[in-house]
1. Rounded to the nearest 0.05, what FRET efficiency do residue 51 and residue 123 have when you use their Cβ-Cβ distance and R0 = 41 Å?
2. With label points built 7 Å along Cα→Cβ from the Cα atoms of residue 76 and residue 113, find their separation and express it in nm.
3. Please state the charge dipole magnitude for the range 37-129, taken about the Cα centre, from unit charges on C-beta atoms (+1 on K and R, -1 on D and E), reported in debye and rounded to the nearest 20.
4. Using only the alpha carbons of the range 40-106, what is the convex hull's orientation-averaged projected area in square nanometres?
5. Show me 51-62, 67-78 ranked by packing, highest mean number of other Cβ atoms within 10 Å first.
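Taken together, the values in this text are just the output of simple stated rules run on the coordinates, not laboratory data. Everything numeric in this text was worked out from a predicted model, so none of it was measured. Glycine also receives a Cβ, built like all others from the backbone with ideal geometry; neighbour counts cover every protein chain displayed.
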Amino acid sequence: MAEEQGFVIRDRRASGSAETTSATDSAAQASRPTGASPIEPSQSAPPPPVTFSSFVISLGSSSLMLMGEQLDPQQAPMPVNLPQAKEIIDLLSVLEDKTKGNLTSDEQTVLRDMLYALRMKYVTLASPK
């Protein structure tokens, strides 16, 4: 039976400098018992819970990307797909109708503002020039 080799993945995007990260990683490896597997960043802190507002923002971001918005400047722009963007806007509209009276004021504001922004962007792109 062959002995398994482990590996460590380090995400340095959110940290300050590489020197600080290296020192932190070295200290963490020194404090870990021999043979223990490294703790990955996703295991150390649970992801934030999915809320109604985060769901709406996620759908809205998807629609914006389909309308050509580049949310991450390092990512290649997506091709514009207005029918699919409209489908997401319609989905959020149905969600607004079905949840009327059951949302907190913050959730209602997030949904209303997201729908307004998406509709305005869609109208701008869909109108003949």
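1. 0.90
2. 3.4
3. That gives a dipole near 340 debye.
4. 6.5
5. The most tightly packed comes first, giving 51-62, 67-78.
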